[in-house]
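A.B. asks: Can you read through this structure? Questions will come right after.
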Amino acid sequence: MGVVTPFPAPAGPRQVAFDRMELLRILDLYGRMVAAGHWRDYAIHFGKDVASFACFRRAAERPEYRIEKRPALRHRQGEWALIGEGGAILKRGHELGPVLAPVERKLLKLVEE
């Protein structure tokens, strides 16, 4: 019949990205923060060694938080990091949920009876 020729793999470095469940978790938090009036804009960056999700109060400012995924640190400090506006690492870990916990605490409100 015919000969199947395999498609060549790209020679350059691969790009780091969020998988579907990670992005769903991040966008869920983003949507709740927008509804609460804290954030108004976001940016996503996919590089060869890091994937980053930046959250802005206003579009013309520095990001209030950056959520970064660095797979190279997966066996050391953890591949997830929450970085504040000044560039300081606020939380680092192996799982996304605990890293997002400080931001989720901002959404908690005391309800009077």
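The values are calculated or read from the model by the stated rules, or taken from the named source; none is laboratory data. Just so you know, these numbers come straight off a predicted model, no measurement behind them. Methodologically, a virtual Cβ is constructed for each residue, glycine included, from the backbone with ideal geometry; neighbour enumeration extends over all protein chains shown.
A.B. asks: Do we have Val4 as hydrophobic (A, V, I, L, M, F, W, C), part of a loop (DSSP other than H, G, I, E, B) and in contact (Cβ under 8 Å) with a residue 12 or more places away in the chain here?
C.D. replies: The answer is no for Val4.
A.B. asks: Please specify each residue of region 56-71 satisfying the condition of being touching a residue at least 40 places away in the same chain (Cβ under 8 Å) and part of a strand (DSSP E or B). Please lay out each step first, then the result.
C.D. replies: Applying the first criterion (touching a residue at least 40 places away in the same chain (Cβ under 8 Å)) to region 56-71 yields 67, 69-71.
Within region 56-71, Ile67, Lys69 qualify.
A.B. asks: If you don't mind, another one. Please find, among Arg66, Arg40, Arg57, the residue that is surrounded by 11 or more Cβ atoms within 10 Å (Cβ to Cβ) and closer than 21 Å to Arg92 by Cα. Explain how you work it out, then say what you get.
C.D. replies: Working: Arg40 fails: closer than 21 Å to Arg92 by Cα; Arg57 fails: closer than 21 Å to Arg92 by Cα.
Arg66 is the lone residue from the list that is surrounded by 11 or more Cβ atoms within 10 Å (Cβ to Cβ) and closer than 21 Å to Arg92 by Cα.
A.B. asks: Sticking with this structure for a sec: From the residues in region 73-112 that are modelled with pLDDT under 85 and hydrophobic (A, V, I, L, M, F, W, C), which one is nearest to Arg57 (Cα to Cα)?
C.D. replies: By that ranking, first place goes to Leu107.
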